[in-house]
Each structure stands twice: as structure tokens, then as C-alpha cells.
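K.L.:
Quick one: the structure is below, questions incoming.
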Amino acid sequence: MKIAIIIPAYNEEDRIGETLKGLLKIGLPMVVVDDGSKDRTSLVAQKHADYFLKHRINMGKGSAMKTGAEFAFKNGFEAVIYFDADGQHSTEDLSKFIDKLNDGYEIILGTRTYSYDVPLVRYIGNKFASLLVSLLFGLYVSDLICGFRALTKNAYKQIIWESKGYGVETEMAVRISKTKLKMCEVPVKTIYLDSVKGVTLLDAFNILFQVFKWRIEI
Amino acid sequence: MIIGLQVTAILFALLMIYFAVLHFRRREITSMEMASWTIIWIATILITVFPEVLRTYAQTFAVSRLFDLMVVGGFILVIFMVTTAYMKIKRLEKKVEDFIRKEAITNVSTSKQSKNK
């Protein structure tokens, strides 16, 4: 199966270099989508990435993920694996996603486990969100907002999301619940490096509001 | 008290007419839009000076005070305008996103090693 790794990035000049160097060892083509960074992310990423795409202005993680997927599928790739640019995921876990894709799974969601340094507040918030989505949509996803996930071209076509920002992972789960796609979860390590970046409390409230909106719309 | 409110409303309407003309001169709105806004604000001035013209409508909608009718009317107008603006922003946002994403996919830069993979 022809697989590409998609790395959405926004102002990650300090960490994207190391992340890409780590991914080089895996040998899969890397597609970096710079989501309008104002720092040197583009310069650093272009040194290592196989394909480099740049949003002229910051559109949000959801948009960058969509751009990466559309580019990959237009260029003959059959599946994509999303990998965060800030180095919070471990490259060791990539093989789990590749194996599952080769086993015929169409969507593979990474799941951060409590023993792997997830802060307690985030863990509780995440579990609450999982239960809420389960109640409203009938699909329980252990880790709704983990960015480490994989999907095939067919799965992408069925779950194309509208979210531009951090709500994208939750929207994906909501849309998955409306399909019959073969899905599984794999445990992944997560290294927390930055408490300011990523999903903030404000984002969490926004996502919560969106969940109720999707209940009516989708 | 009522006079004070009326004077404030008239001054506000005159200011809004000035803005309509200003934006038209800057070519930010069309002559049609400028004329529409001017008519709306002149009507506001007339209603402010002669509120009794609304008495018939107040009776029709079973509103006892003219002021209440104006407040309700104002709320409806504001909600309508906010909804319209929201929809326009959503459409604009979608257009910008589509353009930015399409441009990114078209102008992709490829490294040498990727050609060998």
C-alpha cells in the first residue's frame, strides 16, 4: 500500500526539524503542510520534507490536514498517516498504523493512554468528550483529540470534514459514526512538550458547542 | 427625556448618513447601497420626529406604547442584519479557504529524494 505521512505545521521552527529527521528513518514520503507560519518553519521543513505545501495565511489544523490529504490522494497515495509537527508522537508507533492499514483497516485512531504522561485535566476532559460523543452518536472513541491517526482514500472521501481548527479530530469521529468503515484504535506514546500550544480550554468549549451542532447537522 | 432621546437618535442617523456617503466616496459601496442606507436613515429621522405615524402599526400588533414597537422593530432589524452578515462571512471564509488550499496544492515544492521513492 502506498502510504504518505502528513505533517501539518504552524510556527514549529524549534521542533519540526527533529520531527522530520526522526521520520526520515521510517522511509515513507513526508508531506509537510505549513499552515501560514510566521517563523522559519518553512525553511526548516523544506530541507527534509519530500513534498512541501504552504498555506499563504493561517487557516487552522483542519484545513492543513485536508490540504495534505487531497494532495496525497491526487498523487497516487492510497493512505495517509497524520503526525503532529511538534514531536509529541513517537515514530516507533508508526509501524502499528502501517500494519493495521495493510490488514485492511480504513481508519486507525491513535489513543494516548493515561500511563503515558497525559495530564490529568486533559485526560478527564477527553473522557468526558468521548462519553458525550458516544451518547450522541453511538461511537465510543477512547481518545477523541489525538492527532496521530491514519485513513485510506476511501475513508477520506466518506468523512471529509468542515472543521478548520482543532475540532477536526472530533468531527472525524462524528462522521465515522455515520459510516460503516472498518476502524480500530492503537495505543500511542505522547510526549507533552508545550502547555500553551495545542487544544486550549477555549478550544475545548468551542468543540463542545460544535458537537451539539453536528448532532443536528450531520 | 423623550426630546433628549429624539435628538440623540437624529444625530446618530445623521452620522450614519455621513458614513454612507463617505464609504460611497471611497468606492467601498455602490450608489444603490448608499441611496438605500440614506433612505433608511431618513426614514429613521422622520419616525423619530413624528412617532405618531407608527400609532396604527402599534395598534395592529397590539403594542401599547410606540417606544416598545420601535424597540421590538429595532431588535428584529439587528437580528436580521447579524444573521445576514454571519452567512456572508461564512461564505467568504469558505471561498478564502478553498483558494488558499488550492494554491498550496498547485505550488507544491518537491525535494529530489522524493522522486526516487
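The values are calculated or read from the model by the stated rules, or taken from the named source; none is laboratory data. Just so you know, these numbers come straight off a predicted model, no measurement behind them. FYI the Cβ positions are ideal-geometry reconstructions off the backbone, even for glycines, and counts take in every protein chain you see. When the accessible area is computed, the model is the full protein with side chains, heavy atoms only, and any ligands, DNA or RNA have been set aside. Shrake-Rupley method; radii C 1.70, N 1.55, O 1.52, S 1.80 Å.
K.L.:
Provide the FRET efficiency to the nearest 0.05 for the B:E93-A:K38 pair, computing r from the beta carbons and using R0 = 30 Å.
P.N.:
After rounding, the FRET efficiency stands at 0.90.
K.L.:
Sticking with this structure for a sec: Under a crude label model (7 Å from the Cα following the beta-carbon direction), how far is B:A85 from B:N107 in nanometres?
P.N.:
Between B:A85 and B:N107, the simple spin-label model gives 3.2 nm.
K.L.:
Still on this structure, please answer the following. Within 10 Å, count the other beta carbons around each residue, average over each peptide in A:121-134, A:19-32, A:50-63, A:205-218, and list them highest first. Before the final figure, lay out the partial values.
P.N.:
Values: A:121-134: 15.9, A:19-32: 19.2, A:50-63: 21.0, A:205-218: 14.2.
Packing order, densest peptide first, comes out as A:50-63, A:19-32, A:121-134, A:205-218.
K.L.:
Now for a separate question. Give me the dipole magnitude in Debye, nearest 20, for the range A:53-205 about the Cα centre, with unit charges on the beta carbon: positive for Lys and Arg, negative for Asp and Glu.
P.N.:
Values: 20 positive and 17 negative charges, 95 e Å.
Charge dipole, the range A:53-205, about its Cα centre: 460 debye, nearest 20.
K.L.:
Give me the accessible area buried between chains A and B, both sides summed, with a 1.4 Å probe, in Å² rounded to the nearest 100.
P.N.:
Details: alone 10580 and 10180 Å², together 18950 Å².
By this definition, chains A and B bury close to 1800 Å².
K.L.:
Mean Kyte-Doolittle hydropathy of 1.0 or higher plus an axial Cα length of 18 Å or more: which whole DSSP H helices in chain A meet both? Before the final figure, lay out the partial values.
P.N.:
Numbers: long enough: A:61-74 (20 Å, -0.33); A:120-137 (25 Å, 1.34); A:201-217 (24 Å, 0.68).
Both cut-offs are met by A:120-137.
K.L.:
Turning to a different aspect of this structure: In whole percent, what relative contact order does the range A:71-218 give with Cα contacts below 8 Å and a gap of six or more residues?
P.N.:
Details: 190 pairs, mean separation 51.7, N = 148.
That works out to 35 percent.
K.L.:
What size of dipole, in debye to the nearest 20, comes out for chain B about its Cα centre when the only charges are +1 on Lys and Arg C-beta atoms and -1 on Asp and Glu C-beta atoms? Provide the component values of the computation, followed by the final result.
P.N.:
Working: 15 positive and 8 negative charges, 200 e Å.
Taking the Cα centre of chain B as origin, the dipole is about 960 debye.
K.L.:
Counting only protein heavy atoms, what percent of the accessible surface of the range A:1-68 is carbon or sulfur at a 1.4 Å probe? Intermediate results must be reported in sequence, preceding the final value.
P.N.:
Working: 1340 of 2620 Å².
That fraction is 51 percent.
K.L.:
Related question: First check a/c for chain A, with a ≥ b ≥ c the square roots of the eigenvalues of its C-alpha gyration tensor; if it is under 1.5, answer rounded, and if not, answer prolate when a/b is larger than b/c or oblate otherwise.
P.N.:
Values: a/c = 1.42, a/b = 1.24, b/c = 1.14.
Here chain A falls in the rounded category.
K.L.:
Residues in the range B:52-67, backbone N under 19 Å from the label point at B:I10 (7 Å along the Cα-to-beta-carbon vector): list them, ranges by number please.
P.N.:
Answer for this model: B:52-54, B:67.
K.L.:
Summarise the partner chain shielding of A:41-53 as one whole number: the mean count of Cβ atoms from other chains within 10 Å of each residue's Cβ.
P.N.:
Details: counts 0, 1, 0, 0, 1, 2, 1, 2, 5, 9, 5, 7, 8.
That works out to 3 on average.
K.L.:
Here's another thing I want to ask about it. Between helix B:66-106 and chain B, what is the angle of the helix's C-alpha long axis to the longest principal axis, kept within 0 to 90° and rounded to the nearest 10?
P.N.:
10 degrees
K.L.:
Can you give me the C-alpha center-to-center distance between the range A:50-122 and the range B:72-115, rounded to a whole angstrom?
P.N.:
So the separation of the two Cα centres works out to 24 Å.
K.L.:
Probe of 1.4 angstrom, ligands and nucleic acids ignored: what's the accessible area per residue over chain A, in square angstrom? Could the numbers behind the result be given before it?
P.N.:
Values: 9740 Å² over 218 residues.
I get 45 Å² per residue for chain A.
K.L.:
At 1.4 Å probe size, with the rest of the protein present, what percent of the exposed accessible area of chain B is carbon and sulfur atoms? Don't jump to the answer; show the numbers that get you there.
P.N.:
Details: 6660 of 9220 Å².
Accessible surface attributable to carbon and sulfur in chain B totals 72 percent.
K.L.:
In Å², and per residue, what accessible area does chain B have when probed at 1.4 Å with the other protein chains present? It would help to have the intermediate numbers written out before the result.
P.N.:
Values: 9220 Å² over 117 residues.
Dividing the accessible area of chain B by its residue count gives 79 Å².
K.L.:
Once the principal axes of the Cα atoms of the range B:37-117 are found, what is the range along each, listed largest first in whole angstroms?
P.N.:
Reported extents, whole Å, longest axis first: 82, 26, 14.
K.L.:
Next question, about the same structure. Within 10 Å of each Cβ in peptide A:66-78, how many partner chain Cβ atoms are there on average? Round it to a whole number, please.
P.N.:
Details: counts 2, 8, 3, 0, 4, 5, 0, 0, 1, 3, 0, 0, 0.
Counting Cβ atoms of other protein chains within 10 Å of each residue's Cβ and averaging gives 2.
K.L.:
Considering only protein heavy atoms and a 1.4 Å probe, what is the carbon-and-sulfur percentage of the accessible area of the range A:69-218? Intermediate values should be presented prior to the final figure.
P.N.:
On the way: 4150 of 7120 Å².
Of all accessible area on the range A:69-218, carbon and sulfur atoms account for 58 percent.
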